[in-house]
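Here is the structure we will look at, set down as structure tokens.
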Ligand code: AMP
């Protein structure tokens, strides 16, 4: 017997319907150079419909990819709604990618149109002439002269919206259609495309509204500091729309503790979300200025492990950090560390420092790294985290490699963790060795390859070492070629890397050693190096 409920498609059009019909009066505030830009969901909805007309006018149709290179701001939000709701695919581009990677992802996705914040134009300009599929570039501008560029004729977002029709008839969409794309930073080789469906985004947004997860509510004023160009800003643009929460956008002041504090304070923020590095900066700011945030009830921290000292530091100011884990491939919310009723006060303190239990909709298990056998939840055994659920990846775009899924269809995350008997996950390591600096990935393999291209270098490996500000920073271990022993210097290596990797990728230190430890199959053994390495600045 079949159920007799409507086969109602779970699409982002429903969330748009809510912001337009139910929450038109609620505000969206974006920081600007000269104060803030303030408008309502109603204003936003009206511009979203005009934007859908603009896209149609540009010849954009179902499934076409639209790239965005933008900070967290109201225009980016308009793109978040207009692009998928009119049937195209929103491809958020990470503006911190190295130019070749940026060109790669735009070309791999075959983006037809790019929307770019005026302040980010110089980044796009670095790949001028390398993105043949892009037919039009539209600038999101507050006015003023454009920086010099070689990108050809550019269109102006505001001018296009002003000329566009006010009404738009949304097409009927299949909930399994692609809504958005985001590329991971590949540890080896190129970034890989993750393609979200309307259904996955819808369900993920609903999950964020539950009290035991992020608990997004109409009563909230949310400040997402996690970029809209990385994993959909943790789903907050849609979760906030679904709930009707007021939104605060920091635009390009995302790394500016003083600006964040001011925005949160002035607008009475209640919920903040971002990577630990941002909160370390905010905590410092709070301690230096003595400015309190009495309206904030939750600071969601994730993207890399939240240090206990941060949780404790925020506790001192009555600010509660809620630790969450996820990844691009999991939309991203996988676990949220909220203690249970059965935990004693002491246990609860321990549990909130873990990555937490899987949220409703996500199933999780750990498996032996070598044999793949499922491991017990005893708080001791550690293995690779595997997940499944309606917002977990089934395959990468343009990638037939089945290796990321187990035979029975679970996604292999590459993270290594223990589980308590009641389902609390603690990440202990990563199967891959990428470095996460300030919430952004640095590929150790790419750095190694670049260093090993130096004529005086025999072997090199790069590991992450803890850093008080950036969480992790790369440190290179280099074996000089025998004929150059004692001749090569740290500065020489760094100068050599300067035009090969992004500036913030440069290792904090280059340490010269006689031999690198190796595993049984001859790979550099980073575990040994990590265990023996002196701290950064501590040699
Ligand atoms: P990304 O896809 O760039 O968001 O990175 C996802 C990866 O970040 C995960 O696979 C983890 O290795 C790491 N990560 C995310 N959240 C946490 C967390 N709360 N604790 C430790 N690592 C985390």
Across region 424-455, which residue is surrounded by the most Cβ atoms within 10 Å (Cβ to Cβ) among those that are at pLDDT 80 or above and in a helix (DSSP H, G or I)?
451
Can you find even one residue in region 182-192 that is surrounded by 24 or more Cβ atoms within 10 Å (Cβ to Cβ), over 22 Å from residue 98 (Cα atoms) and in contact with a helix residue (DSSP H, G or I) (Cβ under 8 Å, 6 or more places away or on another chain)?
no
Here are some residues: 310, 260, 272. Which one is within 18 Å of residue 27 (Cα to Cα) and within 16 Å of the ligand (Cβ to nearest atom)?
272
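Condition check ((1) over 20 Å from residue 12 (Cα atoms); (2) over 15 Å from the mean Cα position of the chain (by Cα); (3) surrounded by 16 or more Cβ atoms within 10 Å (Cβ to Cβ); (4) within 16 Å of the ligand (Cβ to nearest atom)) across all residues:
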residue	(1), (2), (3), (4)
158	yes, yes, no, no
177	no, yes, yes, no
195	no, no, yes, yes
228	no, no, yes, yes
All positions within region 28-45 that are modelled with pLDDT of 95 or more and either surrounded by 18 or more Cβ atoms within 10 Å (Cβ to Cβ) or assigned to a loop (DSSP other than H, G, I, E, B) (or both)
28, 29, 30, 31, 41, 44, 45
Considering region 388-420 alone, what residues qualify as being in contact (Cβ under 8 Å) with a residue 60 or more places away in the chain, out of contact with any strand residue (DSSP E or B) (no Cβ under 7 Å at 6 or more places or on another chain) and more than 23 Å from residue 305 (Cα to Cα)?
390, 399
In region 90-104, how many residues are buried (at least 24 other Cβ atoms within 10 Å of the Cβ), in contact (Cβ under 8 Å) with a residue 60 or more places away in the chain and out of contact with any helix residue (DSSP H, G or I) (no Cβ under 6 Å at 6 or more places or on another chain)?
2
Checking residue 296 against (1) crowded, with 20+ Cβ neighbours inside 10 Å; (2) in a loop (DSSP other than H, G, I, E, B); (3) at pLDDT below 95, only one condition comes out false. Which one?
(3)
Quick test of your reading of the structure: residue 343 fulfils all but one of (1) assigned to a loop (DSSP other than H, G, I, E, B); (2) touching a strand residue (DSSP E or B) at 6+ places or on another chain (Cβ under 8 Å). Name the failing condition by number.
(2)
Output for region 476-491, where each listed residue is in a loop (DSSP other than H, G, I, E, B) and under 26 Å from residue 466 (Cβ atoms):
489
Among residues belonging to region 257-290 that are at pLDDT 90 or above and assigned to a loop (DSSP other than H, G, I, E, B), point out the one that is surrounded by the fewest Cβ atoms within 10 Å (Cβ to Cβ).
290
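Could we say that residue 74 is more than 23 Å from the chain's Cα centre (by Cα), within 30 Å of residue 265 (Cβ to Cβ) and surrounded by fewer than 22 Cβ atoms within 10 Å (Cβ to Cβ) here?
no
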Considering only residues of region 316-333 that are within 13 Å of the ligand (Cβ to nearest atom) and assigned to a loop (DSSP other than H, G, I, E, B), which is surrounded by the most Cβ atoms within 10 Å (Cβ to Cβ)?
331
Given the structure, is residue 385 buried (at least 21 other Cβ atoms within 10 Å of the Cβ), within 11 Å of the ligand (Cβ to nearest atom), free of Cβ contacts under 8 Å to residues at least 60 places away in the same chain and closer than 28 Å to residue 205 by Cα?
yes
Is it fair to say residue 336 is more than 10 Å from the ligand (Cβ to nearest atom), modelled with pLDDT of 95 or more and buried (at least 20 other Cβ atoms within 10 Å of the Cβ)?
no
State whether one or more residues within region 416-423 are surrounded by fewer than 21 Cβ atoms within 10 Å (Cβ to Cβ) and under 30 Å from residue 254 (Cβ atoms).
yes
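The values are calculated or read from the model by the stated rules, or taken from the named source; none is laboratory data. This is a predicted model, so every value here is computed, not measured. We place every Cβ from the backbone using ideal geometry, glycine too, and count neighbours over all the protein chains shown.
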